[in-house]
Structure formats: C-alpha cells, structure tokens
Amino acid sequence: MKAEKGQHMLLMRFMNKEFVKFIISGLVNTLATYVVYLLFLNISTYTVSYSVSYFLGILLSYYLNSKFVFNERMSTKKLIRYPIVYISQYLINTIGLYLLVNFGISEKIAPIIIICITIPITFVLSKLIIKKKAEDLK
C-alpha cells in the first residue's frame, strides 16, 4: 500500500501544470521540426535533415519553454546554456536514429521514436536551466 502511494505521488509530481504545458510545447516543437526534417529530406540525407531540424528545434524549444511552460524571462546566459542539454541528447539521438534506421525502421518514423524516449529527461534538464536564476549562471 505504501509503495502505491509513493508511485502515485511520483506520478502527480510530474503531471503538474508545467509538465502538461511542456508536453504541449513539445508537440508544437516536434511537429514544426518534423516538417523541417521532411522538407530537408527532399534535398539532403536523413542525417543532415535531422541535424538542421534539431538545431532549429533547440531555438524554438528555448523560446516556448521560457515563455509558455516556465513563464521565465529569457536571457543570453540561459540561451547559451540551454543547448548543453540538447548537445548531449543530439549525440544519443543520432546514434539511436542510426541504429533504428539500420534495424529497418523507416527514416521518417525513427525520429518520432527517439523523441518519445527522451521527453522526461528533457523536461527535467530544461527546467533546471530555465528556472535557474540568472545570477546563478555566472
């Protein structure tokens, strides 16, 4: 019974207003970057297409998470630190994308699978950077 209460509390901790907004902004960002990915597939390889869409997604994500999700002021220092989360994820995601495509999953579907895997990690790391006070980033 105690374990169930602990699991419920953990679930409620993540299912707060910020997390719901994060999911919404993530869906908007994912849709936008997926469209960019598909457009670039017409003129480039899947890895280049993914890289371009990923970079643009970082910028859109920073804006949406700062303004819509966490209601925080944007700053140059936060903007500079924000991509650290995504650089690490990019490397993991690119390896995952490569593996999925080489295991026979469509290059059009593989990025969606990768994104779903990294959502909880991105939420926590984004919150840590965006909610941190500007003076703490020195």
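The values are calculated or read from the model by the stated rules, or taken from the named source; none is laboratory data. Remember, it's a predicted structure, so these values are computed and weren't measured experimentally. Surface areas here come from the heavy atoms of the whole protein model, side chains and all, with no ligands, DNA or RNA. Shrake-Rupley method; radii C 1.70, N 1.55, O 1.52, S 1.80 Å.
Observations on the structure shown:
- The stretch between Y98 and K77 holds 4.3 nm of extra length on full extension. This uses 0.36 nm per residue minus the Cα-Cα distance.
- You can think of it this way: the chain between V28 and L128 has 33.9 nm of extra reach, that is 0.36 nm per residue less the Cα-Cα gap.
- Over 19 Å between alpha carbons, listed pairs K67/K108; K17/K78; K77/K132; K78/K132: K67/K108; K17/K78
- Accessible heavy-atom area order of L99, L39, highest first, probe of 1.4 Å: L39, L99
- For the stretch 57-103, the solvent-accessible area works out to 60 Å² per residue, with a probe of 1.4 Å and every protein chain left in place.
- In the stretch 60-105, the portion of solvent-accessible area held by carbon and sulfur atoms comes to 69 percent [1.4 Å probe, whole percent, DNA, RNA and ligands not counted].
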